[in-house]
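The structure under discussion is supplied below as structure tokens; questions concerning it will follow.
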Amino acid sequence: MNKDLIIRMQSQFDELARTHPEEPNLEFWFARDLQEPLGYARWENFLTAIQRAIESCNTTGYEAEHHFRGVTKMVPLGSGAERPIEDFMLTRYACYLIAQNGDPRKEPIAFAQSYFAVQTRKQELIEARMQLMGRLEAREKLRASEKALSDNIFERGVGDDGFGRIRSKGDAALFGGHATQAMKDKFGITQTRPLADFLPTLTIAAKNLATEMTNHNVQQSDLRGEPSITHEHIQNNTSVRQMLGQRGIKPEALPPEEDIKKLERRVKTDEKKLERNAGRLPLPGEGA
């Protein structure tokens, strides 16, 4: 997402923020105001996302009524009359949960996940959060593709040890001759930790692409046995390395990044702080 779009969306979400008449320090948003900016054409579809967010809030152990408040609003008709429509008052935490339950491939959702999470309107912090979430998402995709490949080749006579050897030789092809352990030694990673947990987003995505290609071709060509699958994986990683090389990128030269497990723990801690700091909507009878 380019910087201009981030600035434009940030301004839009800032303008939609409201303050509660009885709680001037409580910031909230109306769901109807957020529907279109979050990319939902129909209220019914957005309402489904809200309901999922409410369920997520309850599952986490927080009181949904503190963050989601159903209200009725009167809207004018062309005849000059009015009709009631349902809406929700949403705290920042509620908005965050709605974004978390949306499709992250949609740019407004990806932006909203970070905008509502960082509890600030500083653009650089929003961008940093988006980069962090991009790395976590890339790592999760790689986990899924490697598990799919492991399951796939197990059915073709290759066990866990064989999968480890195949992956290491693929890494050697991707990292210019440096196999998995060599890259771990280069970055000072302990034996028990996965290399991918310390790689930058670009390299994780490169590994995922090569793994997806191997998985596809193993199934498509019905490859069997460790030698043929190893050859396929080496070829795919070599192809990805060549593609990166055309843009002047050497994966082994990119510096390692912070342990992704620490980032995952930080995200969970930030979510707890967000719920606590978002404030609570007054219960019916306590305020407007």
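FYI, it's all coordinate maths here, none of it is from the lab. Bear in mind the structure is a predicted one, so any value in this text is a computation, not a measurement. FYI the Cβ positions are ideal-geometry reconstructions off the backbone, even for glycines, and counts take in every protein chain you see.
Charges on Cβ only, +1 for Lys and Arg, -1 for Asp and Glu, centred on the Cα centroid of the chain; of LEU283, GLN119, SER168, which one is farthest towards the dipole's positive end?
Looking along the dipole axis, the top candidate is SER168.
One quarter of the convex hull surface, Cα atoms only: what value does that give for the chain in nm²? Can you show the working numbers first?
Values: hull surface 77.7 nm².
It is 19.4 nm².
Which whole-Hz couplings ³J(HN,Hα) result when phi for each residue of the range 15-21 is put into the Karplus expression 6.51 cos²θ - 1.76 cosθ + 1.60, θ = phi - 60°, listed in order with x for Gly and Pro?
Taking θ as phi minus 60°, the curve returns 5, 7, 5, 10, 10, 7, x Hz for the range 15-21.
Search the structure for amide H atoms under 5 Å from the amide H of PHE88, placed 1.01 Å from N in the peptide plane, and list their residues when 5 or more places away or on another chain.
The answer is ALA31, ARG32, VAL71.
Using each residue's phi in the range 268-278, evaluate 6.51 cos²θ - 1.76 cosθ + 1.60 at θ = phi - 60° and report the 3J(HN,Hα) Karplus result to the nearest Hz, with x for Gly and Pro.
5, 5, 5, 5, 5, 5, 4, 4, 6, 8, 6
Sticking with this one: Measure nothing but the geometry: give the 0 to 90° angle between the long axis through the Cα atoms of 226-246 and the longest principal axis through the Cα atoms of the chain, rounded to 10°.
Helix 226-246 and the main axis of the chain meet at about 60 degrees.
Could you give each residue of the range 203-212 its phi-based ³J(HN,Hα) in whole Hz, using Karplus coefficients 6.51, -1.76, 1.60 with θ = phi - 60°, and x for Gly or Pro?
Those phi angles translate into 5, 4, 5, 5, 4, 5, 4, 4, 5, 5 Hz.
Using the count of nearby Cβ atoms within 10 Å as a rough guide to exposure, how do LEU97, LEU174, LEU202 rank from fewest to most? Intermediate results must be reported in sequence, preceding the final value.
Numbers: LEU97 30, LEU174 26, LEU202 14.
Arranged by neighbour count, lowest to highest, LEU97, LEU174, LEU202 become LEU202, LEU174, LEU97.
Percent relative contact order of the range 124-207, based on C-alpha pairs within less than 8 angstrom and at least six residues apart? Could you put the intermediate results ahead of the total?
Values: 44 pairs, mean separation 27.7, N = 84.
Worked out over the range 124-207, it gives 33 percent.
Sorting LEU34, LEU16 on the 10 Å Cβ count, fewest up front, what's the list?
Working: LEU34 23, LEU16 13.
Taking fewest neighbouring Cβ atoms as first place, the list is LEU16, LEU34.
By what distance, in whole Å, do the Cα atoms of the range 133-257 stretch along each of the three principal axes, largest value first?
Sorted largest first, the three principal extents are 36, 33, 28 Å.
Moving on to the next point. Of all alpha-carbon pairs in the range 1-91, indicate the percentage at a distance above 20 angstrom.
49
Something else: Order of GLU36, GLU27 from fewest to most other C-beta atoms within 10 Å?
Taking fewest neighbouring Cβ atoms as first place, the list is GLU36, GLU27.
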